Number of protein chains: 2
Amino acid sequence: MSARPANPHLASEIISATAAIVEERGPEGVTMREVARRIGYSPTSIYLHFANKDELLDQTVNRAYEWFADEIESRQTGTSAVERIRQGAHAYLAWGLANPGMYRLMFEWGYLGDISPDAIFARRRSWRRNRQIVELGIEQGVFDRSLDSAVATDVMWVAMHGLTSLAISGRMYGNPNMVAADEVDRRAHALADALADGWLADWTATSPL
Amino acid sequence: MSARPANPHLASEIISATAAIVEERGPEGVTMREVARRIGYSPTSIYLHFANKDELLDQTVNRAYEWFADEIESRQTGTSAVERIRQGAHAYLAWGLANPGMYRLMFEWGYLGDISPDAIFARRRSWRRNRQIVELGIEQGVFDRSLDSAVATDVMWVAMHGLTSLAISGRMYGNPNMVAADEVDRRAHALADALADGWLADWTATSPL
DNA sequence: CGTCATTGTAAACGGTGTTAAGTTTCGGAA
DNA sequence: TTCCGAAACTTAACACCGTTTACAATGACG
């Protein structure tokens, strides 16, 4: 078996160090040498736990997906579908604004073929829960029965991703040199409310059951 | 003046070569050495025309913004605001799907502080034209007079960016290894229609003037 | 006809991901 | 108790990257 006792948590520590760099310097700031420096090992040691940098980033992102999904879920405390949709929208945006580096790594990094099945599965977790909320609204009679819950879920997702992506990148309300971060936050959250208002107005059942 | 006659179009050729690489290999595939190889000069020569790689990418992106804006404008042939909004949505998505590498460079690349004022100005061109279309709809009496045209414009932009970004990245309908490209196109365009339907339903004036 | 700014290059620097080869360490069999 | 071998870990190197420095070639102009 193992002739030399290794640190059993080393793989986990490597991922934590990587996640820290992603937030401090962005996805482009991650280098194998910097990760090694932080964990106190040589760069080559990382390759004992991860095949290459892509796999390291992949596992880092998969852990973040679970954190992201759990965080949003924990904020959806309301009992009605309407409440949960609004809470989900603000939680999604808030997480992205608080973790911009990780958000970019999760949703805007790498080539199409580089996404692992695990990551795709993790990403779909939130989608399925959102769809359940839409269907809850249909059951509760607040959304029209003709509403396609899959399309409605996609509508919510693309709008929230677009808002978060543009707000993070500085391409929507200007970069930090021009507009203060809290001003961007305020305007982005106001737009999240406008989006939620639009969905609810659009999907509301004209005649309650 | 110039003692040695230089190629007067070299700067433009450098940008063209860069744009070609962006589409073939993505923004991460651009290297000064590869650009130099394609134009038949040494890497050092690029620095006679651009201060560094960031400035080269910046000018490449600025040229693309104009192309992008012109392309969308040329597709908005309808006379009514309703027509133009739907045409604009499909044109936006189609351009992104046809030029995914450039789209990523334009909207998802680099740090917040790296965006030049020129690029910000170019990006706002489309936004202002979209707002004019919304206001045209208000004047035409098809949109409610209480509609905030700035908010409505942001709503359209974030939704179309989110849809395009996710469709390009393979994170929405699966990557090319799983789902054929034309299937992604079809579903994305269907969602663009759903988005347009939602906006129009939401903004329609309840009592026409 | 020589001056000299302009155009262009080769070579190098410190950085990157990754690999090949070597060293250290220790559980467990003899 | 010794010592073998496998696992853990490192050093040195490779080819690549963006960028800079030093240098050579060119040709318009005084």
Here the residues within the stretch A:44-65 that are in contact with a helix residue (DSSP H, G or I) (Cβ under 7 Å, 6 or more places away or on another chain) and either among the aromatic types (Phe, Trp, Tyr) or under 23 Å from residue A:152 (Cα atoms) (or both) are A:50, A:65
Is it true that some residue in the stretch A:44-59 is in a helix (DSSP H, G or I), more than 14 Å from DNA strand D (Cβ to nearest atom), modelled with pLDDT under 95 and surrounded by fewer than 17 Cβ atoms within 10 Å (Cβ to Cβ)?
yes
Looking at the stretch B:5-20, can you tell me whether even one residue there is within 16 Å of DNA strand D (Cβ to nearest atom), hydroxyl-bearing (Ser, Thr, Tyr), within 25 Å of residue A:28 (Cα to Cα) and not in a helix (DSSP H, G or I)?
no
Against the condition assigned to a helix (DSSP H, G or I), loosely packed, with under 15 Cβ neighbours inside 10 Å, away from DNA strand C (no atom under 11 Å from the Cβ) and outside the structural domain of residue B:109 (by TED's automatic domain parsing), how does residue B:83 come out, does it pass?
no
Out of the residues in the stretch A:32-43 that are touching a helix residue (DSSP H, G or I) at 6+ places or on another chain (Cβ under 8 Å) and farther than 15 Å from residue A:7 by Cβ, which is nearest to DNA strand D (Cβ to nearest atom)?
A:43
Looking only at the stretch A:175-209, filter to residues that are open to solvent by 50 Å² or more (accessible area, probe 1.4 Å) and facing chain B (nearest Cβ under 7 Å); which one of those is farthest from residue A:138 (Cα to Cα)?
A:177
Which number in (1) part of a helix (DSSP H, G or I); (2) away from DNA strand C (no atom under 16 Å from the Cβ); (3) open to solvent by less than 10 Å² (accessible area, probe 1.4 Å); (4) without any contact (Cβ under 8 Å) to a residue 24 or more places away in the chain marks the one condition that residue A:74 misses?
(3)
Taking the stretch B:150-174, which residues are of a type outside the set (A, V, I, L, M, F, W, C), within 7 Å of chain A (Cβ to nearest Cβ) and crowded, with 24+ Cβ neighbours inside 10 Å?
B:154, B:161, B:162, B:165
Going through the stretch A:123-149 in order, the residues found to be within 11 Å of another protein chain (Cβ to nearest Cβ) and of a type in the set (A, V, I, L, M) are A:147
With the structure loaded, tell me whether residue A:109 is open to solvent by 50 Å² or more (accessible area, probe 1.4 Å), within 13 Å of chain B (Cβ to nearest Cβ), more than 13 Å from DNA strand D (Cβ to nearest atom) and at pLDDT below 95 or whether it fails that test.
yes
On the given criteria, is residue A:72 among the aliphatic types (A, V, I, L, M), within 16 Å of DNA strand D (Cβ to nearest atom) and more than 14 Å from every other protein chain (Cβ to nearest Cβ)?
no
Exactly one condition in (1) more than 30 Å from residue B:102 (Cα to Cα); (2) surrounded by fewer than 16 Cβ atoms within 10 Å (Cβ to Cβ) is not met by residue A:98; state its number.
(1)
Please enumerate the residues belonging to the stretch A:119-175 that are aliphatic (A, V, I, L, M), touching a Pro at 6+ places or on another chain (Cβ under 9 Å) and not in a helix (DSSP H, G or I).
A:142
A careful count of residues in the stretch B:23-77 that are farther than 25 Å from residue B:97 by Cβ and of a type in the set (S, T, N, Q) gives 5
Looking only at the stretch B:49-63, filter to residues that are more than 14 Å from chain A (Cβ to nearest Cβ) and in contact (Cβ under 8 Å) with a residue 12 or more places away in the chain; which one of those is nearest to DNA strand C (Cβ to nearest atom)?
B:49
Selection status of residue B:31, out of contact with any Phe, Trp or Tyr (no Cβ under 8 Å at 6 or more places or on another chain) and either surrounded by 21 or more Cβ atoms within 10 Å (Cβ to Cβ) or modelled with pLDDT under 95 (or both):
no
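The values are calculated or read from the model by the stated rules, or taken from the named source; none is laboratory data. Please read all numbers here as calculations on a predicted model, not as lab measurements. Neighbour counts run over all protein chains shown; Cβ positions are idealised from the backbone, glycine included. Remember, those area values only see protein heavy atoms, side chains included, never the ligands or the DNA or RNA. Shrake-Rupley method; radii C 1.70, N 1.55, O 1.52, S 1.80 Å.
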